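Every number here is computed from the coordinates shown, using simple stated rules; none is lab data. Note that the coordinates shown come from a computational prediction; the quantities given were computed from them, not determined experimentally. Cβ coordinates were reconstructed from backbone atoms using ideal geometry, including for glycine residues, and neighbour counts include every protein chain displayed.
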Amino acid sequence: NTYFRVVNVFMKYLHQTYNIELFKIEYLKEQKTIKAIFTDDEIKRLIARPSLDDICYSQFRCWIASVIAVNTGARISSVVNIRKQDIDTKNRTITFLHSKNGKPFKIPVSRKVIDDLEFYMDAIDTDSDYLFLNSDNGESLTGKQLGSSFRKYCKNKNIRTTSSFHSLRRWFSVKLLQETKNVHLVKAVLQHSNIATTEK
């Protein structure tokens with residue numbers, strides 16, 4: 001398409017300067033690929049509450065991050081920045097202070113999600129405000145670290161469809177669209193600035 005643009009500009013110049021008949025080369029249309037999302041069975045395996053006897057902290061952390069992403073559609077950068085005080089167990093909401101557009105947003109969640117969060121917080125029992133910590137130094141986790149850890153978590157769960165944390169967000173958006181049939185609602189919940197991103 002870049003070459004075609006150059007040829008079209010040159011042909012326009014010839015037309016204007018030498019009155020040569022103008023013809024335009026049509027651009028090639030991009031082949032749209034549908035990105036893979038998790039299957040419902042894979043989601044069940046990812047968010048099934050683990051036994052504390054046979055799970056390491058990294059996998060435990062990935063489990064609760066999956067629970068949050070599947071139920072809120074939040075981006076990885078929003079998930080890793082959740083603090084304990086952002087979780088309102090009484091009103092059953094999670095407030096995400098870190099978002100792509102810089103505006104905090106609040107998402108309601110089910111009683112089961114709150115139960116899972118309380119189970120996780122009781123088990124880790126740390127003084128840190130942050131929900132997700134680096135097991136090496138106890139500092140807050142980065143999105144890159146969670147993404148890498150999540151790929152290993154998927155491998156451990158024998159999930160082959162995809163190992164992208166963002167696929168949890170895609171799964172959430174597909175399910176929300178199927179339920180509501182309202183792409184504008186999905187756009188608002190996902191905090192997209194452009195409807196084309198949601199439609200894709």
Asserting the computed 222 nm helical MRE of the chain (DSSP H runs at least 4 long, -39500 (n - 2.57) per run, divided by residue count, to nearest 500) equals -15500 deg cm²/dmol
Computed over segment 110-172, Cα set: Rg, Dmax in Å: 13.5, 37
Give me, ordered by chain and number, the residues 5 or more places off THR93 or on other chains with an amide H under 5 Å from its own placed amide H. ASP88, VAL109
What is the distance in Å between the Cα centroid of segment 146-170 and that of segment 110-126? 21
Listed by chain and number, the lysines with an alpha carbon less than 18 angstrom from that of LYS90, same-chain partners under 8 positions apart left out, are LYS106, LYS112
Quick shape check on segment 1-74: root eigenvalues a ≥ b ≥ c of the Cα gyration tensor, a/c under 1.5 is rounded, otherwise prolate if a/b tops b/c, else oblate, and it reads prolate
Enumerate the lysines that LYS24 could reach by cross-link, defined here as Cα to Cα under 17 Å, with residues fewer than 8 away along the same chain left out. LYS12
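I need the GluC sites (Glu not before Pro) found in segment 1-108, filtered to DSSP loop residues with at most 12 other beta carbons within 10 Å of theirs.
On the way: sites: GLU21, GLU26, GLU30, GLU42; in loops: GLU21, GLU26, GLU30.
Passing sites in segment 1-108 are GLU21, GLU26, GLU30.
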Relative contact order, percent, segment 41-200 [alpha-carbon distance under 8 Å, six or more residues apart]: 25
Rg/Rh over Cα atoms for the chain, Kirkwood Rh, comes to 1.17
For the chain, return all DSSP H helices satisfying: extent of Cα atoms along own axis at least 18 Å; mean Kyte-Doolittle hydropathy at least -1.0. 2-18, 57-72, 111-124, 166-180
Measure out, as a whole number of angstrom, how far apart the alpha-carbon centroids of segment 179-200 and segment 1-64 sit. 17
